[in-house]
Amino acid sequence: MDKKSILLTQVIMTLIMAATMSGVMGLIFTGPSMAWLAAWPRQFAIAWPIAFCVTMLAWPASMALAGAILRSRPAMEVAEIAEEV
């Protein structure tokens, strides 16, 4: 994957995750209300840059970990997993 694709993927994924998690956690904390809807954009604006920075830092480690896990499996199992996806 080239660097532009990685960056764009991280932007999209962190936008989705920050919106979802800030909305769900705010909903759990305050319950469904106008206060929840009013607070959600601010919570998202705080959560997204944090999520983006963390994923950019964690990306190399998670790629290495995934590679190590997949290398430890026999070749047949990896082929079966790939077919399932």
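Below, the figures for the structure above:
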read-out	value
Ranked by how many other beta carbons lie within 10 Å on average, peptides 30-37, 19-26 from highest	19-26, 30-37
Three-way shape label, the stretch 3-84, alpha-carbon gyration tensor, a/c 1.5	prolate
Cβ crowding within 10 Å averaged over residues, with 8-15, 64-71 ranked highest first	8-15, 64-71
Phi to ³J(HN,Hα) by Karplus 6.51 cos²θ - 1.76 cosθ + 1.60 over the stretch 51-56, Hz, x for Gly, Pro	4, 4, 4, 5, 5, 5
Dipole of the stretch 3-84, positive end: most advanced residue of 30, 61, 46 [Cβ charges, Cα centre]	46
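Readers should treat all values here as calculations from the given coordinates under stated rules, not as data from a laboratory. Bear in mind the structure is a predicted one, so any value in this text is a computation, not a measurement. Don't worry about glycine lacking a Cβ; one is built from the backbone with ideal geometry, like all the others, and counts go over all protein chains shown.
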